[in-house]
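Derivation of every value follows stated rules applied to the coordinates shown; laboratory data play no part. The shown structure was predicted, so the numbers you read here are calculated from the model rather than taken from an experiment. Counting neighbours? That spans all protein chains shown, and the Cβs are built from the backbone with ideal geometry, glycine included.
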């Protein structure tokens, strides 16, 4: 009931109400007006044709073009929806091949630098957390020991035991004079926090910024989906939001499986990206230099994707990891909705004899999206990719381990929204000890999993039809 109350009093409710009124009015017009005035039907088809030509001539991804053009079969509403969905620059989003010199990290580092992003860094130590409860213990300990700054960026913050414990420490640290800042997504927190929550944090001495709060006339696809927690010279990143279900304090969809990494040293690029986002949201703030963090001997590449266009690094990194794997490639993902290049990379790797294992949830959090996930899983299984469902519950981890050497832990799902629209972050680490630990965790989950059940022909056919609209989900 509390979430429903936040929804009714928040900014998302008027947006949802306006969209419902527009949709209802459009349907009514589509049914009634052609009967009363035939030229209106001609006008509607001319409008749809113009929108279709605009979509076909654009530089969007081919998959998104097809999805939009299919929508044009809907009278009026289809053309409006085509204009509503954001267009992507296909030249910038396109994934290239695996040619180049140097290691994977060095090649991606060069690409990141050319896109204005972070370059390869070195950590003193990288810790892997196979479940949220283990990260929680270490995270709260680091928070309590903070001496200078605490910067938190999350897609979801929800009131509960986990966030209350964090908030108590943040309030204490702010009172001690530390620089405490929080960024949270306006859409992700629209039903978990009240609209005036920034004022509540300010009274506790905590500065906060809301990323793109819901607003009439503003799209909802461009979200800050990052999970980035910075405490002095330490960075945490992965799939965990700041809510009870992520650390096992609240049971939702069975056992909630998530992963994260703690990076100590070399975290200056994370601070730079956080502050870039902060000053975009709070342009009146005076510019603050990021903390200088000592470097270590564990090479890693901080990866970031923004919502302002440009090269999408996660799509590139995933392609290179999969296409470059020589022996094995293990992947965790909660959602599966892949562009053609990544789908082909997984298929070709399996056909070439690489041990490709992919794990998806067994208990979904969103049933419609899970239907699409299973459809893509069917496609991969036919080409030799091993796919299992995590039977203890919901798998929320976003991770890939390749050849016992590279480990990518991030906030990025294997779907179009994460790969091409949302702001994401993560770390690609080159470390055999870390990769061995991540592989052990993956194989332990694999033993608990079950192969995907073959679905009826009608369900499979319906799934193939739904794949037409996957780029819009």
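Using the Cα gyration tensor of region 295-347, with a ≥ b ≥ c the square roots of its eigenvalues, what is the shape: rounded (a/c below 1.5), prolate (a/b larger than b/c) or oblate (neither)?
Note, shape of region 295-347 comes out oblate.
Which of rounded, prolate or oblate describes region 104-472 when judged by the alpha-carbon gyration tensor and an a/c cut-off of 1.5?
Details: a/c = 1.65, a/b = 1.42, b/c = 1.16.
The shape class here is prolate.
Apply the a/c threshold of 1.5 to the C-alpha gyration tensor of region 382-442 and tell me whether it is rounded, prolate or oblate.
Oblate shape, in that a/c is at least 1.5 and b/c is the bigger or equal ratio.
When only Cα pairs under 8 Å and 6 or more residues apart are kept, what is the percent relative contact order across region 104-472?
Values: 801 pairs, mean separation 75.0, N = 369.
Reported as a whole number, the value is 20 percent.
Taking 2.2 N^0.38 Å as the expected size of a compact globular protein, what ratio does the Cα radius of gyration of region 224-280 give against it, to two decimals?
Compactness ratio reported: 1.31.
What nm distance separates the two modelled labels at residue 28 and residue 279, each placed 7 Å from Cα along Cα→Cβ?
Taking the simple label geometry, residue 28 and residue 279 are separated by 5.0 nm.
Counting other C-beta atoms within 10 Å, which of 410, 133, 109 has the fewest, and how do the rest follow?
133, 109, 410
Under 20 Å from a point placed 7 Å out from the Cα of residue 145 along the Cα-to-Cβ direction: which residues of region 294-316 have their backbone N that close?
294-298
Could you tell me the relative contact order of region 133-292? Use alpha-carbon pairs under 8 Å, at least six residues apart, and round to a whole percent.
Contact order relative to length: 26 percent.
Ranked from highest to lowest mean number of other Cβ atoms within 10 Å per residue, what is the order of the peptides 190-196, 171-177?
By packing density, highest mean first, the sequence is 190-196, 171-177.
Between region 109-143 and region 230-248, how many Å separate their Cα centres?
What the calculation gives is 10 Å, centre to centre.
Show me the ranking of peptides 352-362, 388-398 by mean Cβ neighbours inside 10 Å, starting with the highest.
388-398, 352-362
As a test, work out the antiparallel percent of DSSP beta bridges whose residues both lie in region 104-472, rounded to the nearest 5.
On the way: 43 of 70 bridges.
If I count the DSSP bridges inside region 104-472, around 60 percent turn out antiparallel.
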